[in-house]
1. Under a Cβ-only charge scheme (Lys and Arg +1, Asp and Glu -1), can you give me the dipole magnitude of the stretch 460-531 about the Cα centre, in debye to the nearest 20?
2. Once R0 is set to 25 Å, what does the formula 1/(1 + (r/R0)^6) return for the Cβ-Cβ distance between ASP97 and GLU196, expressed as a FRET efficiency to the nearest 0.05?
3. Just how large is the dipole of the stretch 1-68 about the Cα centre, in debye to the nearest 20, putting +1 at every Lys and Arg Cβ and -1 at every Asp and Glu Cβ?
4. Could you estimate the translational diffusion coefficient of the stretch 536-666 from the Stokes-Einstein equation, with Rh from the Kirkwood formula over C-alpha pairs, at 20 °C and 1.002 mPa s, in whole µm²/s?
5. Quick check for me: using +1 on Lys/Arg Cβ and -1 on Asp/Glu Cβ, what's the dipole size of the stretch 536-666 about its Cα centre, in debye to the nearest 20?
6. Cβ under 14 Å from GLU76's Cβ, GLU76 left aside: what net charge do those residues give with Lys, Arg +1 and Asp, Glu -1?
7. Sort out for me the Cα centre separation of the stretch 152-202 from the stretch 603-670, rounded to whole Å.
8. What Kirkwood hydrodynamic radius do you get for the stretch 29-83 when you take the inverse of the mean 1/r over all pairs of distinct Cα atoms, in Å?
Amino acid sequence: PTGYMENSISYSAIEDVQLLSWENAPKYCLQLTIPGGTVLLQAANSYLRDQWFHSLQWKKKIYKYKKVLSNPSRWEVVLKEIRTLVDMALTSPLQDDSIHQAPLEIVSKLLSENNNLTTQDQESIIVAIAPLLENNHPPPDLCEFFCKHCRERPRSMVVIEVFTPVVQRILKHNMDFGKCPRLRLFTQEYILSLNELNAGMEVVKKFIHSMHGPTGQCPHPRVLPNLVAVCLAAIYSCYEEFINSRDNSPSLKEIRNGCQQQCDRKPNLPLRLLHTSPDLVSQEATLTESRLKPVIVTANEIHVEVERNNTANQKMTASVGNDSEPNLIDCLMVSPTCSTMSIELSAQADRILGCYVEILKMLSDYDDWRPALASLLQPIPFPKEALAHEKFTKELKYVIQRFAEDPRQEVHSCLLSVRAGKDGWFQLYSPGGVACDDDGELFASMVHILMGSCYKTKKFLLSLAENKLGPCMLLALRGNQTMVEILCLMLEYNIIDNNDTQLQIISTLESTDVGKRMYEQLCERQRELKELQRKGGPTRLTLPSKSTDADLARLLSSGSFGNLENLSLAFTNVTSACAEHLIKLPSLKQLNLWSTQFGDAGLRLLSEHLTMLQVLNLCETPVTDAGLLALSSMKSLCSLNMNSTKLSADTYEDLKAKLPNLKEVDVRYTEAW
């Protein structure tokens, strides 16, 4: 018969496959031997014919091995067949993922269906399939088998010699553990098995270093996200028992409203939740007095303890009657002297927690990994039980300290909340936060690095005044220079409206030598400011080219500039540092910064203080989207020149939407042009 095949032929029915090589044979043909005779298959060219030939041979042999290994009798024979199968896969000229995956799936099924294998047989099979794992992820069932082996024989040489390159490949190439969770579980068990060796965390440290590489920059971008994902999943598993008990425990809303319905719940594990109660402290209490009143609410074995200072309660008073759940830190905020959630982990969970928190510490020690790590941890991706566990927060404090010590803005800015309405590590480790176990040293360190960056703004100071004024005053009283500077800035920017509170801050400043000195400097600046803002002086002013920040400061301190409306600093050498002088000009409406080194930090400061500015020229300045987005608060802007800046199209559209009075815009030579 000729033409197309009318009936299919099953692979199992093919007895032999041969290339036609005799003289005068049809070109590019294969001969298939089947029980009823032979079939000739003709391809269009020799390349396609060879593809067919090797594919059919592959399929035929795979069926054979599936049949042989589905009913094993003697394991020495099975092991020999597995080695032959692996050799066939490695020597096949075919290039396809299934060529290596099919043997792995056959072996995976064999191991899952035979649980009575000896340890020696298991390790022999693992060694036999090791060559296939060099360039392929193990299938899910095989991952289960590997996990079991890591748990039962963590000191086996197979773990070090065979599993190490497999896990390294997973960490370097895996894109999403959500699609293959067993790969993550295998990686997690492998790291735990390394921790069980005699050297313990030293072995884990060497493994992490091998993943990073000897250079200052890790060449594999997926390693850090994958390691963090493994750490987060492992830490979550330590508290899973407590997390599951939430189903039968009173919700935060029920605790707050006092309706617990004890009879509807089953007994569960002891779990201590913390929340605020706005009626605990009288409204007459001052900002500097703290009246602590513990309230115990018992529901079966669940103990709820509330202990907050009056500042937090005043904050909550505004939201009384609101049915929304309290946010994370409100649920966990307690006095530093009050104990956190009493969680007793099992010995195994405690080892897991210690191992993976230690890995997070190791990751934070690498300079190139720290920005990405800070970004990944910024949303606080831990269960609230972990955040209320004293051991966990105490160990994690090292990581937060590393973020606070890093001078890069992209790192230490991640200490703040990921978005408005959410709390961040700054709140969690500040006095009054559940994780604070010191007298405010870490808090002072975080404030220092944030204030030294681009966060010297009214918004940041206002949040400190509203939530952390007491701790700031206490640390200033103990001579902390950062907190003394904070209190001076609060007075300078008129953050504090209450006269009694202002007087108390002044008394606090005058109680130490450093505070007294900085307060005297503040008073001197205030006198200069009054003189500067006094009506009079020119309405227009242009600085000579190559003028510096010091020149501008010297000029503005020489007289009154209360009438100054138009200031040109074009083609000078001023930087963002001059913004502290510019914000003191009360009548300024037009500002020209063309071809200066004025950057994002200065732009943020201008946007908060010069809200009446109408014309702003930023042509050829190093400003970026990070600073330009702050201009959205300057509603009076009607002319804005962003020519030759790093403006993006998205930021330009955002500014147009938020600046209703904007009429003249220059975006030439930018991405938005």
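1. Working: 7 positive and 11 negative charges, 36 e Å.
For this selection, approximately 180 debye.
2. On the way: r = 34 Å, r/R0 = 1.35.
Using R0 = 25 Å, I get an efficiency of 0.15.
3. Values: 8 positive and 5 negative charges, 83 e Å.
I would put it at about 400 debye.
4. On the way: Rh = 14.6 Å.
Once the numbers are plugged in, D ends up at 147 µm²/s.
5. Numbers: 11 positive and 13 negative charges, 72 e Å.
Its charge dipole is roughly 340 debye.
6. Details: positive: ARG74, LYS80, ARG83; negative: GLU81, ASP121.
Around GLU76, the charge tally is +1.
7. The stretch 152-202 and the stretch 603-670 have Cα centres separated by 51 Å.
8. Numbers: mean 1/r = 0.0749 Å⁻¹.
After inverting the mean inverse Cα-Cα distance, the result is 13.4 Å.
The values are calculated or read from the model by the stated rules, or taken from the named source; none is laboratory data. All of these numbers come straight from a predicted model, not from anything done at the bench. Positions of Cβ are generated from backbone atoms using ideal geometry, with glycine treated the same way; all protein chains shown enter the neighbour counts. These accessible areas exclude ligands, DNA and RNA; they are computed on the full protein's heavy atoms, side chains included. Shrake-Rupley method; radii C 1.70, N 1.55, O 1.52, S 1.80 Å.
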